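Written below as structure tokens is the structure these notes are about.
The values are calculated or read from the model by the stated rules, or taken from the named source; none is laboratory data. Everything numeric here is computed off the predicted structure, so don't read it as measured data. Virtual Cβ from ideal backbone geometry, glycine too; neighbours counted across all protein chains shown. Heavy atoms of the whole protein, side chains included, go into the accessibility calculation; ligands, DNA and RNA do not. Shrake-Rupley method; radii C 1.70, N 1.55, O 1.52, S 1.80 Å.
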Amino acid sequence: MKHFLISLVFIIANHICLAQTDSAFLKAETVPAFPDPPAGFDIQRNDIPKGKLTVVQYRSKTLGELREMSVYTPPGYSSHTKYPVLYLLHGLGADFRQWIEWCQADNIIDNLIADGIIQPVIMVFPNCDSRLTVTDTSKANRSGRADGFAGYGKPFEEDLLKDIIPYIDSHYSTHRDSEHRAIAGLSMGGGQSLNIGLYNLETFAYIGGFSSAPNTNKAGGMYTNVELVPDIKAAREKLKLLWIACGNKDGLLWVSQKAHQFLTEKGIPHIWNVDNHAHDNIEWNNNLYWFSQHIFKPYKNK
């Protein structure tokens, strides 16, 4: 609880930002929105209940392929209780295991649940490259520069919306409305989360981009002709939380800066967390720790 109260103080003091456009403004806004999490926040603890990770195979009608994802169910999961769902998207060249092998998403959420800081939540880790299938996991065949990173674009978005989410909602005890569904990702997955979430506000009320890559609509260099936010009014009204984060040692910081600047100019409330880290698991674990404490609850512009 102490750390949660600290976070609220930081939000009140530092966010949401006024509309300014000059580079000096962006350079000045480099104070982290939150302190680093407490020591051991992402370490597996032996004295608490653990959630369960299950690798699930599903038939993607959209892609015509058998695909895989990992699903985390919280300690004490029961079909008699309905849970909110957090979808976490991985980075370029990785797969669904990145959030639980390089990062420690399951440990972070286990610890927060055990400490009574967040409510039990289901997490879903999809394969965010549509070319990854159960029978083809070869790195040589994955989406990249050769195909213009197409596997991380519309094909995955369609798979997520039409196959993955319906599968989760039909096989697990979930709340099925936007206010109980969040999407966030790291690097390429950060860009995907912003792109997909901001175009599907009826599906996601909580959106997070951590170290978002150049695939980020408008703000990155890949889709400069696609608006970051297609409906400004709807974003202001429907979003419960929009989170833009990056480390100041990250060469991709400019992507998040451009997204933050645009959102500020348009008056769209969001948390801007630029801290002292790089493009690595420290950055992503830290942001998951704080992001998970601000989802699935009323969010107001302080």
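When each of Ser130, Ser173 is tested for being touching a helix residue (DSSP H, G or I) at 6+ places or on another chain (Cβ under 7 Å), small (Gly, Ala, Ser) and more than 14 Å from Leu86 (Cβ to Cβ), the lone residue that passes is Ser130.
Counting only residues that are in a loop (DSSP other than H, G, I, E, B) and of a type in the set (A, V, I, L, M), which one in the range 127-173 is least open to solvent (accessible area, probe 1.4 Å)? Even if it seems obvious, please write down each step before you answer.
Of all residues in the range 127-173, those in a loop (DSSP other than H, G, I, E, B) come to 127-138, 142-144, 148-149, 153, 172-173.
Those still in the list that are of a type in the set (A, V, I, L, M) too: 132, 134.
Details: Leu132: 4, Val134: 44 Å².
Applying the filter and picking the extreme gives Leu132.
Can you pull out the residues in the range 161-199 that are of a type in the set (S, T, N, Q) and over 14 Å from the mean Cα position of the chain (by Cα)? If the condition is that a residue be of a type in the set (S, T, N, Q) and over 14 Å from the mean Cα position of the chain (by Cα), then Ser170, Ser173, Thr174, Ser178 are the ones that fit.
Test Pro32 against the stated conditions and say whether it is open to solvent by less than 90 Å² (accessible area, probe 1.4 Å), under 21 Å from Ile244 (Cβ atoms) and at pLDDT 95 or above. Please lay out each step first, then the result.
Values: open to solvent by less than 90 Å² (accessible area, probe 1.4 Å): yes; under 21 Å from Ile244 (Cβ atoms): yes; at pLDDT 95 or above: no.
No, not satisfied.
Pull up the range 66-123, narrow it to residues that are among the β-branched types (Val, Ile, Thr) and not in a loop (DSSP other than H, G, I, E, B), then point me to the one that is farthest from Gly144 (Cα to Cα). Among those residues, the one meeting the criterion is Ile113. Phe291: of a type outside the set (S, T, N, Q), within 23 Å of Asp42 (Cα to Cα) and touching a strand residue (DSSP E or B) at 6+ places or on another chain (Cβ under 9 Å), yes or no? Spelling it out, Phe291 is indeed of a type outside the set (S, T, N, Q), within 23 Å of Asp42 (Cα to Cα) and touching a strand residue (DSSP E or B) at 6+ places or on another chain (Cβ under 9 Å).
If only residues of the range 36-65 that are in contact with a Ser or Thr (Cβ under 8 Å, 6 or more places away or on another chain) and either among the basic types (Lys, Arg) or not in a strand (DSSP E or B) (or both) are counted, the one that is nearest to Gln293 (Cα to Cα) is Gly51. For Ser256, the criteria (1) closer than 21 Å to Phe34 by Cα; (2) open to solvent by 40 Å² or more (accessible area, probe 1.4 Å); (3) of a type in the set (Gly, Ala, Ser) hold in every case but one, which is (2). In the range 62-116, of all residues being closer than 18 Å to Ile183 by Cβ and small (Gly, Ala, Ser), the one that is most open to solvent (accessible area, probe 1.4 Å) corresponds to Ala94.
Among residues of the range 200-216 that are surrounded by fewer than 18 Cβ atoms within 10 Å (Cβ to Cβ), those with a Cβ under 6 angstrom from a residue that is part of a loop (DSSP other than H, G, I, E, B) and of a type outside the set (Gly, Ala, Ser), sequence gap 6+ or separate chain, pair up as Pro214/Met222.
For the range 269-285, enumerate the residues that are part of a helix (DSSP H, G or I) and open to solvent by 10 Å² or more (accessible area, probe 1.4 Å). Steps first, please.
Quick first cut of the range 269-285, residues part of a helix (DSSP H, G or I) only: 281-285.
Correct list: Asn281, Ile282.
Looking at the range 271-284, is at least one residue touching a residue at least 60 places away in the same chain (Cβ under 8 Å) and of a type in the set (Gly, Ala, Ser)?
Of all residues in the range 271-284, those touching a residue at least 60 places away in the same chain (Cβ under 8 Å) come to 271-276, 279, 281, 283-284.
When the remaining residues are screened for being of a type in the set (Gly, Ala, Ser), the result is none.
Within the range 271-284, none of the residues are touching a residue at least 60 places away in the same chain (Cβ under 8 Å) and of a type in the set (Gly, Ala, Ser).
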